[in-house]
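J.: Okay, here's the structure, questions in a sec.
The values are calculated or read from the model by the stated rules, or taken from the named source; none is laboratory data. Owing to the predicted nature of the structure, the values given are computational and were not obtained by experimental measurement. Positions of Cβ are backbone-derived with ideal geometry, glycine not excepted, and every protein chain shown enters the neighbour counts.
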Amino acid sequence: MRNQTFLDKIASVIIEDYSDRLTDTIIVLPNKRARVFLIEAIRNQVSENIFAPHIVSIEEFIQDISGIRTIDPIELLFEFYEVYLSVTETKNQQTFELFANWAKTLLQDFNEIDRYLLDPLHVLSYLKDIEDIKRWGIEVENKTTLLENYIDFWKLLPKYYQTLYSHLLKKEIGYQGLIYREAVTNLNHFSNSVSTKQFVFAGFNALNAAEEKIIQHLISAGQARIYWDADETFLNDPYHDAGLFLRRFKENWKHYKSNPFEWIVNDFSDKKNIQIIGTPKSIGQVKIAGKIIENLNETERIASEKVAVVLGEENLLVPLLYSLPSSVNALNITMGYAAKNNPVQILIAKLFKMHTNAVSRSSYVFYYKDVLDVLTHPLIANYAGSKEVVNIINGNNYTFLTHKKLVELNPNANPLFVLLFQKWENGAIDVLQLLSNLLQIIKNNLDNDNKEEKITKAFVYAVFKVINKLINYYSQHDHINKIETLHAIYKQVIDLAEVSFEGEPLTGLQIMGVLESRVLDFETVIVTSMNEGKFPAGKSQNSFIPYDVKRELGLPTFKEKDAIYTYHFYHLLQRAKNIYLLYNTESEGLDAGEKSRFITQLEVEKQPLHQISHEIYNAELPETAYKPMEIPKSEKVMQRLKEIADKGFSPSALTSYIRNPTDFYFQKILRISEVEEVEENIALNTLGTIIHETLKALYDPFIDKFLSESDIKTAFGKMDAEVLNQFKLVYKEGEIKKGRNLLAFEVAKRNVSNFLKMELENLKAGDSIKILKLEERFEHDLLHSDLPFPVKIGGSVDRIELHGKSGETPKIRIIDYKTGKVEASNVILKTWNGLTAEIKNDKIIQILAYAFMFESHAEGQAIEAGIISFKNLKSGFLPFKFIDIDKSETTIITSEIAKNYKEQLVVLLKEILDPTIPFIEKI
């Protein structure tokens, strides 16, 4: 048998006491959401068709009394700005974006003053007097213009209030406080005009002064009854905040001197299973919430009146939706979710950034990062037909793109792409209309049957409404003259906007915020973010009125706000049977805080029938932090290795395997290359390529001839032009005339220049140098009984020369250029054992591989192989050197050295080609 909820009891009262006059009965609830549930409760208690009573929220009811239309916060901000300009001297007027920073806070204070029926002139003059007192000690001659303007601001507050109030009243529109004040003024007239109506107020807790006055007036006139949901546990405890307001009303209202206080119940002390679960970080809480829902039985998951997830922090909504089990096939989301926290708003922000940056440059030039941010956004990437454009920008290193260039890159652009990059040059209305059209295209691209895209559509609609409101407001209030200003205003108003989700209120899982849970009862309740500062909220003083002034005047302070939160929390638990309270165990970080006092209070004031358990859930940590990846060699992998062996293992491929076998697998077997990205600043490998290619171009004319000093001088003359040419060839459209890239350009020139100087000094010292090969590929087949098939070793050698010193027999030198720093010790070998097992030997393995490849072309001449390091040019050519056990040294690659190296290559290749040895990641 289902427990009777508060709304069930209200439904019983309506049927029993008002059945003969239902059409004249008006039921007033704290929020709109409860209306659907009350109608359902009434339907469940009647056996025949009846006319439902009129059910309204308290705000709708007060609005009816006042006869004034409520306006949203965005419209109010614009109306207030119009008033502000009319009463402020032109020289002191602020731009809308500066005005909005303080106006939102001031409007909240106006709202509170009106809701509590205070004398606005008294309160606002009080604030001005406080500021005067603070500055009594400042001599007149020491008062700065800034200080005088500050004092003038406080003086103007009463004028701002009065002018705004009159301005809105004239238009028959208003903010909540104004409507409440006018409702009180109009109360007698309203009461007389609805003398045949009966009002039922149900489920209230905290009431402001205006609401108290209106409800008490209707009760005393015999036109209304009010039903509270007060649990005696809280009501009878003079210190329990959950009963703070109800105790005040019970003691202070004249009606209760001679009438009972309805209803006082005793549900909280009933049997309850309360599980308090702590877990690190917010995301852990929604994962646990998803798991709890998955473990509930099927009927609990389906019945909307039984299970609710209450989010103490709205930012958890999206992570929660992704954490829900697949068995949840229906849900109802009713909570305030800020429009700024969604992917659509992120896209709009990126568009503003891209166009604002472009406008600030002459000739409308886009920065590549801004362009790629927009084109790779999830709502754009698959629909704008821009994949090729992204590849071109990345491949050609475009840093800045003119509007014309961007159009050329996508000649057959679809409407979405065109809208994204259409120039923002025709004023704010045009920009807003463009964004509105853009959002409509995005909406049409989304699939209604896809749960995730359906949620995204709600986000699109929320931002779309804001954009269209701005179009409407801007057409009436022409205060937006630049894109920067429009952007500032957009950021202000998007903060005030909320996303509304559509759902089935009576079916599926209920997801809501704290305020949306008012009046409703659930059997199973899951509450997240049970941390101080989240639940209850922190003591944020978003007001110009100091705390002690609020206390004196009777305005609500954080004490009252805490009491409201306390009531909502305990009302959630009041009739619930299974309660899960989740909190973040981390005490530091952005989403952290101490465990909520509500949890401690539940434990300290534990009711006899409450079963409370406390658990800490941590992520399961494996015994080893990370297990190295192992990739077995399948038949296809072996086929690919055979292909590589036929084409040729390069020296860099061999050292790649030694460095990390899985890198070799990804790069050589799967042929996965690095993601191509724009090099805004020249990378080291790009700089190395430029130096290599420049030297090749400069030395190409001298192949097969002995170098002379005049040849080097000729190369010096061509150097600048060739470095520039290679930059353009390698770096393509990248910017090279300023910033770091200009420095890199100069570094490349300096490296080439130093190399040529070294070459010139060697020639002057009597060296003879004949260039044989430049950047040429060589190959050599490796046949060995331990290998499953012949393996080719192949690769490009930077430079091969015939080098001789006076009095010595010329030797063949195989040279590998390195733009990094290499020392002589890096190319010295003392033992062959384990050569291919250590990555520190990578340079030796590479240069000996080049010698191995060239061996058949040497025709018996002595060979040296070594490195020229551009960061160690003073050391010149660094030859491979073998130091034997008897300390004898040789730089000539003898047949013995070649034989030992070949054996080591076989050991390495045998491992690579062994189908039983997997690729094991090195960590």
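J.: Given the conditions (1) closer than 29 Å to S529 by Cβ; (2) over 42 Å from the mean Cα position of the chain (by Cα), and given that H240 satisfies all but one, which numbered condition is not satisfied?
T.: Of the numbered conditions (1) closer than 29 Å to S529 by Cβ; (2) over 42 Å from the mean Cα position of the chain (by Cα), the odd one out for H240 is (2).
J.: When the residues of region 847-866 are filtered to those that are in a strand (DSSP E or B) and among the hydrophobic types (A, V, I, L, M, F, W, C), which remaining residue is surrounded by the fewest Cβ atoms within 10 Å (Cβ to Cβ)?
T.: I863
Let's see how each residue does on (1) at pLDDT 95 or above; (2) more than 54 Å from the chain's Cα centre (by Cα); (3) acidic (D, E):
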{"position": "P788", "(1), (2), (3)": "no, no, no"}
{"position": "G804", "(1), (2), (3)": "no, yes, no"}
{"position": "G807", "(1), (2), (3)": "no, yes, no"}
{"position": "K811", "(1), (2), (3)": "no, yes, no"}
{"position": "I814", "(1), (2), (3)": "yes, no, no"}
{"position": "K821", "(1), (2), (3)": "no, no, no"}
{"position": "N826", "(1), (2), (3)": "no, no, no"}
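J.: Return yes or no: is I441 modelled with pLDDT of 85 or more and within 20 Å of N342 (Cα to Cα)?
T.: Yes; evaluated as a whole, the condition is true for this residue.
J.: Please note which helices (runs of 4 or more DSSP H) are completely contained in region 151-244 and include at least 3 residues that are among the small types (G, A, S) and not assigned by TED's automatic domain parsing to the domain that holds F110.
T.: Qualifying helices (runs of 4 or more DSSP H): 209-220.
J.: Now for a separate question. Go through the residues of region 795-807 one by one and say whether even a single one is under 30 Å from T655 (Cα atoms), basic (K, R) and surrounded by fewer than 16 Cβ atoms within 10 Å (Cβ to Cβ).
T.: No; the residues of region 795-807 include none that is under 30 Å from T655 (Cα atoms), basic (K, R) and surrounded by fewer than 16 Cβ atoms within 10 Å (Cβ to Cβ).
J.: Does region 818-835 include one or more residues that are assigned to a helix (DSSP H, G or I), closer than 21 Å to I691 by Cβ and touching an Asp or Glu at 6+ places or on another chain (Cβ under 7 Å)?
T.: Within region 818-835, not a single residue is assigned to a helix (DSSP H, G or I), closer than 21 Å to I691 by Cβ and touching an Asp or Glu at 6+ places or on another chain (Cβ under 7 Å).
J.: Moving to a separate point now. Against the definition (modelled with pLDDT of 95 or more and under 22 Å from K257 (Cα atoms)), how does F199 come out, yes or no?
T.: yes
J.: Let me ask something else. Keeping to region 29-60, report how many residues are of a type outside the set (K, R), over 22 Å from K171 (Cβ atoms) and assigned to a helix (DSSP H, G or I).
T.: Number satisfying all stated conditions: 11.
Residue-by-condition table, conditions (1) assigned by TED's automatic domain parsing to the domain that holds I467; (2) surrounded by fewer than 20 Cβ atoms within 10 Å (Cβ to Cβ); (3) in contact (Cβ under 8 Å) with a residue 24 or more places away in the chain; (4) in contact with a strand residue (DSSP E or B) (Cβ under 7 Å, 6 or more places away or on another chain):
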position	(1), (2), (3), (4)
K353	yes, yes, no, no
T356	yes, yes, yes, no
V359	yes, yes, yes, no
V365	yes, yes, yes, yes
V371	yes, no, yes, yes
H377	yes, yes, yes, no
I380	yes, no, yes, no
A384	yes, no, yes, no
E388	yes, yes, no, no
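J.: Could you tell me how many of the residues in region 254-278 are assigned to a loop (DSSP other than H, G, I, E, B) and either among the polar types (S, T, N, Q) or in contact with a Gly (Cβ under 8 Å, 6 or more places away or on another chain) (or both)?
T.: Selection size over region 254-278: 4.
J.: In addition: Within region 830-838, is even one residue of a type in the set (A, V, I, L, M, F, W, C), over 29 Å from K668 (Cβ atoms) and in contact (Cβ under 8 Å) with a residue 40 or more places away in the chain?
T.: no
J.: Which condition number in (1) buried (at least 20 other Cβ atoms within 10 Å of the Cβ); (2) at pLDDT 95 or above; (3) farther than 21 Å from L7 by Cβ is the one that K213 fails?
T.: All conditions pass for K213, except number (1).
J.: Is region 784-793 home to any residue that is touching a Gly at 6+ places or on another chain (Cβ under 9 Å), among the charged types (D, E, K, R) and not assigned by TED's automatic domain parsing to the domain that holds E759?
T.: Yes, region 784-793 has at least one match.
J.: Filter region 617-663 down to the residues that are aromatic (F, W, Y) and surrounded by fewer than 19 Cβ atoms within 10 Å (Cβ to Cβ) and list them by number.
T.: Residues satisfying the conditions are Y617, Y626.
Okay, residues lined up against (1) modelled with pLDDT under 85; (2) outside any helix (DSSP H, G or I):
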| site | (1), (2) |
| --- | --- |
| D720 | no, no |
| I736 | yes, yes |
| L742 | yes, no |
| V752 | no, no |
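J.: Could you give me the residue pairs with C-beta distances under 9 Å whose first residue belongs to region 44-61 and is touching a residue at least 40 places away in the same chain (Cβ under 8 Å), whose second residue is in a loop (DSSP other than H, G, I, E, B) and surrounded by 14 or more Cβ atoms within 10 Å (Cβ to Cβ) wherever it lies, and which are 6+ apart or on separate chains?
T.: What qualifies is I58/P30; I58/N31; I58/F204; I58/L207; E59/N31; E59/K32.
Here's the yes/no breakdown for (1) assigned to a helix (DSSP H, G or I); (2) surrounded by 12 or more Cβ atoms within 10 Å (Cβ to Cβ); (3) aliphatic (A, V, I, L, M):
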residue: I868; (1), (2), (3): no, yes, yes
residue: F882; (1), (2), (3): no, yes, no
residue: D886; (1), (2), (3): no, no, no
residue: I893; (1), (2), (3): no, yes, yes
residue: I897; (1), (2), (3): yes, yes, yes
residue: V906; (1), (2), (3): yes, yes, yes
residue: E911; (1), (2), (3): yes, yes, no
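J.: Please name all residue pairs, on different chains or six or more residues apart, with Cβ atoms under 8 Å, provided the first residue is in region 542-553 and is in the same structural domain as W154 (by TED's automatic domain parsing) and the second residue is among the hydrophobic types (A, V, I, L, M, F, W, C).
T.: Filtered contacts from region 542-553: no entries.
J.: Which numbered condition in (1) under 11 Å from G866 (Cβ atoms); (2) surrounded by fewer than 20 Cβ atoms within 10 Å (Cβ to Cβ) is the only one that G834 fails?
T.: Result: G834 fails condition (1) only.
J.: Mind checking whether some residue in region 117-129 is part of a loop (DSSP other than H, G, I, E, B), surrounded by fewer than 17 Cβ atoms within 10 Å (Cβ to Cβ) and at pLDDT below 85?
T.: no
J.: Any chance you could count how many residues in region 401-438 are modelled with pLDDT of 90 or more and of a type in the set (S, T, Y)?
T.: Selection size over region 401-438: 1.
J.: Another one. How many residues does region 36-57 contain that are buried (at least 19 other Cβ atoms within 10 Å of the Cβ), touching a strand residue (DSSP E or B) at 6+ places or on another chain (Cβ under 8 Å) and closer than 20 Å to H568 by Cα?
T.: Going through region 36-57 one residue at a time, the tally reaches 1.
J.: Can you confirm whether region 13-32 contains a residue that is crowded, with 17+ Cβ neighbours inside 10 Å, modelled with pLDDT under 90, touching a Lys or Arg at 6+ places or on another chain (Cβ under 7 Å) and not assigned by TED's automatic domain parsing to the domain that holds S166?
T.: Checking region 13-32: at least one residue is crowded, with 17+ Cβ neighbours inside 10 Å, modelled with pLDDT under 90, touching a Lys or Arg at 6+ places or on another chain (Cβ under 7 Å) and not assigned by TED's automatic domain parsing to the domain that holds S166.
J.: Further question: Which one of A462, A413, A458 is outside any helix (DSSP H, G or I) and surrounded by 13 or more Cβ atoms within 10 Å (Cβ to Cβ)?
T.: After ruling out the rest, the residue left standing is A413.
J.: Does region 836-846 hold any residues that are part of a helix (DSSP H, G or I) and over 12 Å from G794 (Cα atoms), and which are they?
T.: T836, A837, I839, K840, N841, D842, K843, I844, I845
J.: Give the residue that is farthest from the chain's Cα centre (by Cα), with candidates limited to residues of region 339-394 that are in a strand (DSSP E or B) and among the hydrophobic types (A, V, I, L, M, F, W, C).
T.: Top of the filtered list is V365.
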